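This report concerns only the one structure given below.
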Amino acid sequence: MHGASKDDVLLELRGLGYCGSLLSLQRFIRSSRLMTVTTPQQMIDWVRLDLKRRKTGIDGGTFEGGAWMHSVLVGNRTSSQIIQDIGDSLTVDDVTILVECIKTKPLKLRNRALSVLAYCKGIACGNIASFLCITPRTVRNHISIFKNGGILCVLDFSRKGVKKASDPNYSSAVFNTLHTPPSFFGFNRTTWRMDEIYAVLFNQGVKISRANIRKIIKAAGYRFRKAKKVLTSTDPEYREKLQKITQILAHLKPDEKFFSIDEFGPFAVKIQGGRALAKPDEMRSVPQRQKSKGSLIATAALELSTNQITHFYSEKKNSDEMIRMLELMVSQYRTQARIFLSWDAASWHGSLKFSHRVDEFNEPAYREKHGTPLVELAPLPSCAQFLNVIESVFSGMARAIIHNSDYASVEAAKAAIDRYFSEKNDHFKKHPQRAGKKLWGNERVEPEFNLANNCKDPRW
């Protein structure tokens with residue numbers, strides 16, 4: 001534009017009655033090819049002269065109707081006057097809608113409405129395009145839409161076809177790419193990025209924007225998620241053992257009890273770390289090297305139907321302690337018809353010594369003499385301690401009374417554990433609730449252990 005300022009031109013033309021936008025002025029300047037203008041004043045003079053020609057029809061009489069279009073555009077002609085000018089080409093309601101659109105709507109709709117009115121007035125498409133600073137082809141498209149569908153179609157900007165984000169063909173192309181590793185297309189990556197997806201589709205001749213690709217992926221429910229680490233079992237009889245446990249729980253009778261058994265510890269009685277509220281300037285710390293005040297092991301059994309804990313303290317983890325737990329369960333639940341013991345696949349949980357003791361308890365003569373329940377074992381799959389429900393109780397206990405603790409002695413730690421289990425048992429006696437969630441067979445979905453459900457706190 002040779003140094004001429006568009007802002008100065010626009011400001012000057014506003015004073016002359018020009019009500020268009022800066023974009024329209026730029027289009028007008030490009031269409032007029034003002035290549036010889038060097039100063040803003042020369043440009044203003046040239047545009048003023050050209051606008052005068054367009055309004056008055058000067059320039060060889062090739063632009064008739066310019067003044068009429070200008071008067072409609074600036075609101076100098078009422079709807080009744082416009083109806084008299086165009087005759088019976090439009091109804092009163094149509095003219096009212098078009099005039100209101102010219103007054104209040106954005107530029108694209110205003111140009112469409114004025115094009116229809118000027119066409120009905122008999123102004124040539126080329127003159128309409130010259131006045132609106134748009135191409136004659138655009139005006140002809142507006143008039144064609146008006147002839148085929150009326151003014152409502154002319155003023156309708158809604159998309160007639162299917163959007164690319166909703167087109168199954170584009171969706172198929174996007175997901176065919178996503179389901180293929182990036183390395184297949186030569187990218188040194190293991191996961192897709194938007195630029196790579198766009199590049200692959202472009203090379204395949206699929207013309208779709210990044211925004212539409214994002215819409216397709218989001219509409220399908222895809223999200224960027226971090227992989228969650230889960231514990232898995234290597235037991236070849238994993239499914240069979242889980243099915244046995246769920247069947248037992250689903251059909252557990254009132255005179256039957258199911259126990260989840262395990263040991264907590266050994267852990268040292270010393271200053272323990274953990275999460276706790278701290279002041280903004282407080283830096284909590286735990287000595288890395290400190291003398292232990294002793295250690296302890298808590299062996300406990302969780303009865304799933306009543307949520308009651310039975311526990312004692314052990315010096316070691318061995319078969320003798322399991323036999324001790326067995327004898328305690330048989331004695332405490334003597335009135336029951338049958339009890340089930342479930343634990344992980346630790347070696348001392350399934351030793352021959354323990355198995356022989358179970359067989360002794362199950363002999364008919366022994367049961368008749370002592371009035372004890374039948375004992376059945378329901379071991380968990382190997383390497384599946386994360387399915388042991390009592391681990392979640394241990395994790396809750398650790399967060400409540402072990403983390404951030406500094407007990408003076410082993411006896412003080414035992415007292416805290418005893419109180420924790422006692423309060424838990426009292427709570428569930430007053431508010432009965434079964435332990436576990438989807439374990440009992442009375443849910444809306446099929447009862448099963450969730451492989452991603454890690455009951456055990458990884459820190460303990």
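The values are calculated or read from the model by the stated rules, or taken from the named source; none is laboratory data. Keep in mind the model is a prediction, meaning the values are calculated, not measured. Positions of Cβ are generated from backbone atoms using ideal geometry, with glycine treated the same way; all protein chains shown enter the neighbour counts.
Restricting to the range 346-370, and then to whatever is touching a Ser or Thr at 6+ places or on another chain (Cβ under 8 Å) and loosely packed, with under 15 Cβ neighbours inside 10 Å, can you tell me which residue is farthest from Gln332 (Cα to Cα)?
Filtering the range 346-370 for residues that are touching a Ser or Thr at 6+ places or on another chain (Cβ under 8 Å) and loosely packed, with under 15 Cβ neighbours inside 10 Å, the one farthest from Gln332 (Cα to Cα) comes out as Lys353.
I'd like to know if the range 364-375 contains one or more residues that are within 19 Å of Thr299 (Cβ to Cβ) and out of contact with any Cys (no Cβ under 6 Å at 6 or more places or on another chain). Walk me through it before giving the result.
First pass over the range 364-375, keeping only residues within 19 Å of Thr299 (Cβ to Cβ): 375.
Next, only the ones that are out of contact with any Cys (no Cβ under 6 Å at 6 or more places or on another chain) stay: 375.
Checked the range 364-375: at least one residue is within 19 Å of Thr299 (Cβ to Cβ) and out of contact with any Cys (no Cβ under 6 Å at 6 or more places or on another chain).
Would you check which residues across the range 352-401 are among the aromatic types (Phe, Trp, Tyr) and under 21 Å from Gly265 (Cβ atoms) and list them?
Listed by number, the residues that qualify are Phe354, Phe386, Phe394.
Would you confirm whether any residue within the range 300-311 is part of a helix (DSSP H, G or I), in contact (Cβ under 8 Å) with a residue 40 or more places away in the chain and surrounded by 15 or more Cβ atoms within 10 Å (Cβ to Cβ)?
Among the residues of the range 300-311, not one is part of a helix (DSSP H, G or I), in contact (Cβ under 8 Å) with a residue 40 or more places away in the chain and surrounded by 15 or more Cβ atoms within 10 Å (Cβ to Cβ), which makes the answer no.
Taking the residues in the range 257-299 that are part of a loop (DSSP other than H, G, I, E, B) and β-branched (Val, Ile, Thr) as candidates, determine which candidate is surrounded by the most Cβ atoms within 10 Å (Cβ to Cβ). Spell out the reasoning first.
Restricting attention to the range 257-299, the residues satisfying the condition of being part of a loop (DSSP other than H, G, I, E, B) are 269-294.
From the residues that got through so far, the ones that are β-branched (Val, Ile, Thr) too are 269, 271, 286.
Numbers: Val269: 21, Ile271: 14, Val286: 12.
Ranking the qualifying residues of the range 257-299, first place goes to Val269.
Which of (1) over 28 Å from Lys207 (Cα atoms); (2) surrounded by fewer than 20 Cβ atoms within 10 Å (Cβ to Cβ); (3) under 45 Å from the mean Cα position of the chain (by Cα) does Ile151 not meet, given it meets every other one?
(2)
Can you find, within the range 104-126, the residue that is surrounded by the fewest Cβ atoms within 10 Å (Cβ to Cβ) among those that are β-branched (Val, Ile, Thr) and either on the phi > 0 side of the Ramachandran plot or without any contact (Cβ under 8 Å) to a residue 40 or more places away in the chain (or both)?
Thr104
When you scan the range 334-347, do you find a residue that is part of a loop (DSSP other than H, G, I, E, B), closer than 19 Å to Ile390 by Cβ and aliphatic (A, V, I, L, M), even just one?
yes
Looking only at the range 314-323, count every residue that is over 20 Å from Glu363 (Cβ atoms) and either in contact with a helix residue (DSSP H, G or I) (Cβ under 7 Å, 6 or more places away or on another chain) or assigned to a helix (DSSP H, G or I) (or both) and tell me the total.
Initially, the range 314-323 is screened for residues over 20 Å from Glu363 (Cβ atoms), giving 314-318, 320-321.
After this cut, where a residue has to be either in contact with a helix residue (DSSP H, G or I) (Cβ under 7 Å, 6 or more places away or on another chain) or assigned to a helix (DSSP H, G or I) (or both) as well, the list is 314, 317-318, 320-321.
Selection size over the range 314-323: 5.
Just need a number here: residues in the range 324-345 that are in contact with a Lys or Arg (Cβ under 9 Å, 6 or more places away or on another chain) and more than 18 Å from Phe361 (Cβ to Cβ). Don't jump to the end; show me each part of the working.
Step one: list which residues in the range 324-345 are in contact with a Lys or Arg (Cβ under 9 Å, 6 or more places away or on another chain), which gives 326-327, 329, 333, 336-340.
Next, only the ones that are more than 18 Å from Phe361 (Cβ to Cβ) stay: none.
Total satisfying the criteria: 0.
Ile208 passes all but one of (1) surrounded by 11 or more Cβ atoms within 10 Å (Cβ to Cβ); (2) part of a loop (DSSP other than H, G, I, E, B); (3) not assigned by TED's automatic domain parsing to the domain that holds Asn176; which number fails?
(3)
In this structure, is Thr135 farther than 30 Å from Ala346 by Cα, at pLDDT below 90, of a type outside the set (A, V, I, L, M) and not assigned by TED's automatic domain parsing to the domain that holds Lys105?
no
May I ask you to list the residues in the range 371-397 that are surrounded by fewer than 17 Cβ atoms within 10 Å (Cβ to Cβ), at pLDDT 85 or above and farther than 23 Å from Arg434 by Cα?
Gly371 - this is the single residue of the range 371-397 that is surrounded by fewer than 17 Cβ atoms within 10 Å (Cβ to Cβ), at pLDDT 85 or above and farther than 23 Å from Arg434 by Cα.
Condition (residue is within 30 Å of Arg284 (Cβ to Cβ) and out of contact with any Gly (no Cβ under 8 Å at 6 or more places or on another chain)) applied to the range 372-383: is it met by at least one residue?
No, that holds for no residue.
In contact (Cβ under 8 Å) with a residue 12 or more places away in the chain, surrounded by 15 or more Cβ atoms within 10 Å (Cβ to Cβ), assigned to a helix (DSSP H, G or I) and under 44 Å from the mean Cα position of the chain (by Cα): is that true of Ala165 in this structure?
Answer is yes for this residue.
Tell me, which residue of the range 411-460 that is among the small types (Gly, Ala, Ser) and at pLDDT 85 or above is nearest to His251 (Cα to Cα)?
Ser422
Any chance the range 75-90 includes a residue that's closer than 18 Å to Leu152 by Cβ, outside any helix (DSSP H, G or I) and out of contact with any helix residue (DSSP H, G or I) (no Cβ under 9 Å at 6 or more places or on another chain)?
no
Taking the condition of being modelled with pLDDT of 85 or more and either of a type in the set (Asp, Glu) or within 19 Å of Lys103 (Cβ to Cβ) (or both), how many residues in the range 147-169 meet it?
So the answer is 1.
Inside the range 208-237, can you point out the residues that are touching a helix residue (DSSP H, G or I) at 6+ places or on another chain (Cβ under 8 Å), at pLDDT 80 or above and of a type in the set (D, E, K, R)?
Within the range 208-237, Arg210, Arg214, Lys215 meet the criteria.
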